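Take a look at the structure set out below.
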Amino acid sequence: MSGIKIVVATHKEYNLLNQEYLFPIHVGAKLSSIDLSYQRDDEGDNISIKNKYYCELTGLYWAYKHLKSDYIGLCHYRRYFNLDNIQINNYDVILPKKRNYYIETVYSQFKHAHGSLALDLARKTIQDKYPEYLIYFDKQMNKRSLHIYNMFIMKYEIFLDYCEFLFNILNDVEKNLGNIDRIYGFLGERLLDVYLMKNNIQYKEVDLINTESINWPKKISNFLIRKIKG
């Protein structure tokens with residue numbers, strides 16, 4: 001798979017999948033006392049120091065500013081794309097399958113989990129600086145499914161344009177909201193589909209490879225607690 005770099009965001013030593021197109025990045029390296037054998041996200045133009053708030057997006061920002069390839073993507077140290085029998089160059093964008101909320105909208109789920117202020121500030125930024133996106137933001141907020149994890153593989157030109165859109169909005173929201181643990185990582189997840197919808201970008205969904213089991217009872221109980229507490 002020449003011409004493909006998929007960033008693997010990790011904050012610790014881990015038995016990563018061994019594929020030539022995977023590019024491990026030590027996210028939050030500026031805040032870390034350990035020295036991993038991976039590319040650090042605190043070199044050159046970076047936001048590594050914001051990892052507590054931006055999560056894997058500090059690795060994405062580093063890739064945005066420093067990597068060049070026909071395709072660039074992002075995955076996690078314990079979560080990868082299953083690319084078996086997939087010809088990446090047949091698609092503009094590859095995504096994980098959507099998560100369905102069923103009884104929640106994208107907006108209400110975020111509100112119950114993280115409060116509504118970050119989304120409301122993002123909407124204000126879009127209204128002011130990207131007004132052509134506003135109708136798509138509102139449509140996405142009323143849907144009951146979205147692509148999560150900030151995971152994707154994109155053609156380089158789309159990647160650059162999306163990252164400019166994403167980080168401009170997050171930076172603007174941060175100026176007004178301040179620092180809240182993981183909030184900009186969660187907010188970034190909600191902006192990906194807005195960008196794809198507005199630009200009418202076709203994509204291919206694929207399964208994920210999880211190297212650790214998902215604790216569904218814990219996820220479900222946390223969801224119910226948020227619903228009950230409102």
Checked region 182-230 for anything surrounded by fewer than 10 Cβ atoms within 10 Å (Cβ to Cβ) and modelled with pLDDT of 95 or more; matches are N200, Q202
Here the qualifying pairs (Cβ atoms under 6 Å; residues six or more apart or on different chains; first in region 120-133 and more than 14 Å from L166 (Cα to Cα); second part of a helix (DSSP H, G or I) and modelled with pLDDT of 95 or more) come out as Q127/L134
For region 80-103, the count of residues that are over 18 Å from V194 (Cα atoms) and not in a strand (DSSP E or B) equals 12
Result of the Cβ filter at 9 Å on region 164-177, keeping first residues that are closer than 15 Å to Y133 by Cβ and among the charged types (D, E, K, R) and partners that are surrounded by 22 or more Cβ atoms within 10 Å (Cβ to Cβ) and at pLDDT 95 or above, at least 6 apart or interchain, is D172/A122
Selection over region 1-42 where residues are within 18 Å of G185 (Cβ to Cβ), touching a helix residue (DSSP H, G or I) at 6+ places or on another chain (Cβ under 7 Å), part of a strand (DSSP E or B) and β-branched (V, I, T) yields a count of 2
*asked:* For region 45-52, check the following and say yes or no: at least one residue is assigned to a loop (DSSP other than H, G, I, E, B), modelled with pLDDT of 95 or more and farther than 17 Å from R182 by Cβ.
replied: yes
Scanning region 139-162 residue by residue, those within 25 Å of G59 (Cβ to Cβ), buried (at least 18 other Cβ atoms within 10 Å of the Cβ) and aliphatic (A, V, I, L, M) turn out to be L146, M151, I153, M154, I158
Checked I72, I4 against criteria (surrounded by 15 or more Cβ atoms within 10 Å (Cβ to Cβ), under 14 Å from the mean Cα position of the chain (by Cα), of a type outside the set (S, T, Y) and modelled with pLDDT of 95 or more); the one match is I72
Cβ pairs under 6 Å, 6+ apart or interchain, first in region 79-92 and closer than 14 Å to L22 by Cα, second of a type in the set (D, E, K, R), ordered by first then second residue, are N82/D207
Within region 13-54, restricting to residues that are of a type in the set (D, E, K, R) and in contact with a His (Cβ under 9 Å, 6 or more places away or on another chain), the one that is farthest from Q87 (Cα to Cα) is D35
Original post:
Can you find a residue in region 126-138 that is of a type outside the set (V, I, T), under 30 Å from Y14 (Cβ atoms) and either buried (at least 17 other Cβ atoms within 10 Å of the Cβ) or modelled with pLDDT under 95 (or both)?
Top reply: no
Apart from one, (1) in contact (Cβ under 8 Å) with a residue 40 or more places away in the chain; (2) closer than 29 Å to D92 by Cβ; (3) within 20 Å of the chain's Cα centre (by Cα); (4) surrounded by fewer than 19 Cβ atoms within 10 Å (Cβ to Cβ) all hold for L60; the odd one out is (4)
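The values are calculated or read from the model by the stated rules, or taken from the named source; none is laboratory data. Just so we're clear, the structure is a prediction, and the values are computed from it rather than from any experiment. Cβ atoms come from the backbone with ideal geometry, glycine included; neighbour counts cover every protein chain shown.
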